[in-house]
Amino acid sequence: MSRLTPLLPDLAPWRSSRDFRLMWLAGVVTVFGSFLTFVAVPVQMKVLTGSTLAVGAIGLVELVPLIVFGLYGGALADSVDRRKLILYTEAALGLLSVLLLANTLIPHPAVWPLYAVAALTSALTGLQRPALDAIVPRIVPHEQLSAAAALNSVRWQVGAIAGPSLAGVLIAFAGLEWAYALDAVSFAISVGLGLGLRPSPAAHDATKPSLRSIWEGGRYAWSRKELLGTYAIDLAAMFFAYPTAVFPFLADDLKAPWSLGLMYAAGTVGSLLVSLTSGWSSRVHRHGRMIVYAALAWGAAMAVAGWMDNVWLVLFFLAVAGGCDMISGIFRSTIWNQTIPDELRGRLAGIELLSFSVGPTLGQVRAGGMAALTGVRVSVWSGGLACIAAVGLLAGGLPKLMSYDARTDEHARASRESARS
């Protein structure tokens, strides 16, 4: 057992923090339920319209609310009780699931509620996500933040695998209404668990949410080149090497249409494997270097996947890429949580949400456009090589990211001292 200990997930946050346990359990339930709706909405849109354009438009109506309300939600998370913000938005998300259920149960379901709920869900997610991220350093000891990031990733990955898998079976054999009903129940359970969280009020001198406060968060991020590097590296990796939009065509090109579902799941499986063997991450201190190395490996794995003719090798390298993305995510989250002042954490989480959402969306546009011009395989492997080049240039231009060391960094030290006091 002693040889396995460095690999197994570090459960210290689970053992030491009651609030972390409650949030983790609530998150598992919510993520699972949300993925049921994530699958059900496009399926219902396809049934109602028969249009691929109509299905694709769901993503368009989600993007702008996520960006706008993500930035505002970051400022809000720094000015109100984060626990209340999480609970109110969670309850509102549950009501949206009820609306989807009601629309499905009427004799002639309408299309517009699907778009309206998609946009509102995206807005509420933007409001909630910064508070969820910003509350973690308040409920988890400073030295356990890497472990907390890994455990939260496990929570998401389990839902990302189990939710869609059940959704397909549930929709096929029971109907769309059951997916929406279970999602609504999941939100009710998560709100019940969230009521047990301790209050997390803002500081007495907290800045009210405004354009000026959002600008202050952006100015702080710009002044911290190592933080700027974490956002830039993630944007570059997702823009150049996120080819999920061409997976249906890649599966056909490999003469393996049966592999499409596996392609979508491969990255999450790789991420989950890293999370389940992440005990070593708590002993890493050069987090910036790990982010860069993981992003380079992500690009390389995508490039190799594009070159492969064997579908199983493609799936393997997609899983490797997912694992590399998970490594990058763990250390990006650690830098954010260990160095950002508490009064700015919400706004910086809003900026992180911006990079998290825009990168993959634009990456799918790039992958699809490149595939139309040069072919599917070229789109995948050239994107991987472009990712390597972009990350290399960013690493060279942001030396503070490469030299970051949690043991000596002044911001990490100040955060440690603040947590102890």
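In whole Å, largest first, what are the principal axis extents of the Cα atoms in the stretch 320-421?
Here the Cα extents, ordered largest to smallest, are 58, 26, 25 Å.
Let me know the charge dipole size of the chain about its Cα centre in debye, to the nearest 20, where only the beta-carbon of Lys, Arg (+1) and Asp, Glu (-1) is charged. Provide the component values of the computation, followed by the final result.
On the way: 31 positive and 25 negative charges, 151 e Å.
Magnitude of the dipole: close to 720 debye.
Work out, in µm²/s and without decimals, the Stokes-Einstein translational diffusion coefficient of the stretch 253-306 at 20 °C, 1.002 mPa s, Rh from Kirkwood over C-alpha pairs.
Working: Rh = 13.4 Å.
Rounded, D is 160 µm²/s.
Just how far, in whole angstrom, is the stretch 102-129 from the stretch 142-175 if you go by their alpha carbon centroids?
Between the Cα centres of the stretch 142-175 and the stretch 102-129 lies a distance of 22 Å.
Please report Rg over Rh for the stretch 112-244, where both radii come from the alpha carbon positions and Rh follows the Kirkwood definition.
Working: Rg = 18.9 Å, Rh = 18.9 Å.
Rg/Rh: 1.00.
With the chain treated as a Gaussian network of Cα nodes joined by springs under 10 Å, which of Gly163, Gly329, Gly192 yields the largest mean-square fluctuation?
Among Gly163, Gly329, Gly192, the largest mean-square fluctuation in the Gaussian network model of the chain belongs to Gly192.
What is the pair-distance distribution P(r) of the chain, computed from all Cα-Cα distances in 20 Å bins starting at 0, with each bin given as a whole percent?
26, 61, 14, 0
For the stretch 316-379, just the Cα atoms, rotate onto the principal axes and tell me the three extents in Å, largest first.
Between the extreme Cα coordinates on each principal axis of the stretch 316-379 lie 48, 25, 10 Å.
When N counts the residues of the stretch 133-194, how does its alpha-carbon radius of gyration compare numerically with 2.2 N^0.38 Å, as a ratio? Numbers along the way, then the final one.
Working: Rg = 15.6 Å, N = 62, 2.2 N^0.38 = 10.6 Å.
Output field value: 1.48.
Cα-Cα pairs above 15 Å in the stretch 27-75: how many percent?
On the way: 706 of 1176 pairs.
Tail of P(r) above 15 Å: 60 percent of Cα pairs.
Say each of Asp309 and Lys46 gets a label point 7 Å from the Cα, pointing the same way as Cα to Cβ; how far apart are those two points in nm?
Once both label points are built, they end up 3.1 nm from each other.
Counting each DSSP H run of 4 or more residues in the chain as -39500 (n - 2.57), what helix-only mean residue ellipticity at 222 nm follows after dividing by all residues, to the nearest 500 deg cm²/dmol?
Details: 17 runs with 334 residues, N = 421.
Mean residue ellipticity, 222 nm, calculated: -27000 deg cm²/dmol.
Considering the chain as a Gaussian network with a 10 Å cut-off on Cα pairs, which listed residue, Ala174, Ala119, Ala305, attains the greatest mean-square fluctuation?
Ala174
What are the ³J(HN,Hα) couplings of the stretch 265-278, residue after residue, when phi is run through the Karplus curve with 6.51, -1.76, 1.60 and θ = phi - 60°? Round to Hz, x for glycine and proline.
Using θ = phi - 60°, the values come out as 8, 4, x, 5, 4, x, 4, 5, 4, 5, 4, 6, 10, 9 Hz.
Contact order normalised by length for the chain, with contacts defined as Cα pairs under 8 Å and 6 or more residues apart; what percent is it? Before the final figure, lay out the partial values.
Values: 722 pairs, mean separation 112.1, N = 421.
Computed value for the chain: 27 percent relative contact order.
Which of Arg345, Arg377, Arg212 moves most in a GNM of the chain, Cα contacts under 10 Å?
In the Gaussian network model the winner is Arg212.
Express in whole angstrom the spacing between the alpha-carbon centres of the stretch 179-224 and the stretch 234-283.
29 Å
Skip the ligands, DNA and RNA, and give the accessible area per residue of the chain with a 1.4 Å probe, whole Å². All intermediate terms of the calculation are to be shown ahead of the outcome.
Numbers: 18950 Å² over 421 residues.
About 45 Å² of surface per residue is accessible.
Could you pull out every residue, at least 5 positions away or on a different chain, whose amide H is within less than 5 Å of the one on Val111? Hs are placed 1.01 Å off N in the peptide plane, and Pro or chain starts have none.
Residues meeting the amide H criterion: none.
Taking every pair of alpha-carbon atoms in the stretch 73-180, what share in percent sits in each 10 Å bin, from 0 to the bin with the longest distance?
Per 10 Å bin, starting at 0, the Cα pair percentages come out as 13, 31, 35, 17, 5, 0.
Taking +1 at the Cβ of each Lys and Arg and -1 at the Cβ of each Asp and Glu, which of Gly33, Trp381, Ser275 sits farthest along the dipole of the chain towards its positive end, judged by Cα position relative to the Cα centre?
Ser275
At 0.36 nm per residue, minus the direct Cα-Cα distance, what do Tyr264 and His142 gain on full extension? Give it in nm, one decimal, please.
40.5 nm
Determine, from the Cβ-Cβ distance of Leu105 and Ala54 and an R0 of 22 Å, the FRET efficiency 1/(1 + (r/R0)^6), rounded to the nearest 0.05.
According to the calculation, E is roughly 0.55.
Roughly to the nearest percent, how much of the accessible area of the chain is carbon and sulfur, given a 1.4 Å probe?
Numbers: 13310 of 18950 Å².
Accessible surface attributable to carbon and sulfur in the chain totals 70 percent.
State, to one decimal in nm, how far the label point of Ser16 lies from the label point of Arg407, with both points 7 Å from Cα in the Cβ direction.
Spacing of the two 7 Å Cα→Cβ label points: 1.9 nm.
How many Å³ per residue does the convex hull of the Cα positions in the stretch 182-307 occupy? Each step should come with its number before you reach the end.
Values: hull volume 29.0 nm³, N = 126.
It is 230 Å³ per residue.
Please work out how much length the chain gains when fully extended from His285 to Glu343, using 0.36 nm per residue of separation minus the C-alpha to C-alpha distance, in nm with one decimal. Each step should come with its number before you reach the end.
Working: separation 58, 0.36 × 58 = 20.88 nm, distance 2.42 nm.
Stretched fully, the His285-Glu343 segment lengthens by 18.5 nm.
Taking Cα pairs under 8 Å and at least six residues apart, what relative contact order does the stretch 161-309 come out at, in percent? Let's see the in-between values first.
Values: 37 pairs, mean separation 36.3, N = 149.
Averaging sequence separation for qualifying contacts and normalising by length gives 24 percent for the stretch 161-309.
Using only Cα atoms, figure out Rg for the stretch 14-126 and give it as a multiple of 2.2 N^0.38 Å. Could you put the intermediate results ahead of the total?
Details: Rg = 16.0 Å, N = 113, 2.2 N^0.38 = 13.3 Å.
The reported ratio for this selection is 1.21.
Would you compute the Debye intensity of the stretch 358-410 from its alpha-carbon atoms alone, equal scatterers and no solvent, and pass along log10 I(q)/I(0) at q = 0.18, 0.21, 0.24 Å⁻¹ to two decimals?
The computed values of log10 I(q)/I(0) come out as -0.69, -0.79, -0.90.
Which ³J(HN,Hα) values, rounded to whole Hz and listed in residue order, are derived for the stretch 299-305 from phi using the Karplus coefficients 6.51, -1.76 and 1.60 in 6.51 cos²θ - 1.76 cosθ + 1.60 with θ = phi - 60°, glycine and proline given as x?
Each residue's phi maps through the Karplus curve to give x, 5, 5, 5, 4, 5, 4 Hz.
Could you give me the ³J(HN,Hα) list for the stretch 135-152, computed from phi with Karplus coefficients 6.51, -1.76, 1.60 and θ = phi - 60°, whole Hz, x at Gly and Pro?
Once rounded to whole Hz, the list reads 7, 4, x, 7, 10, 10, x, 3, 6, 9, 5, 5, 5, 5, 4, 5, 5, 5.
Can you tell me the FRET efficiency between Ser165 and Leu385 if r is taken as the Cβ-Cβ distance and R0 is 45 Å, rounded to the nearest 0.05? If you can, show how the numbers build up before the last one.
Details: r = 33 Å, r/R0 = 0.73.
The pair Ser165/Leu385 has a calculated efficiency of 0.85.
The values are calculated or read from the model by the stated rules, or taken from the named source; none is laboratory data. Remember, predicted model here, so these are calculated numbers, not experimental data. Note: ideal-geometry Cβ built from the backbone for every residue, glycine included; neighbour counts use all protein chains shown. Heads up: the accessible areas ignore ligands, DNA and RNA and are worked out on the full protein's heavy atoms, side chains in. Shrake-Rupley method; radii C 1.70, N 1.55, O 1.52, S 1.80 Å.
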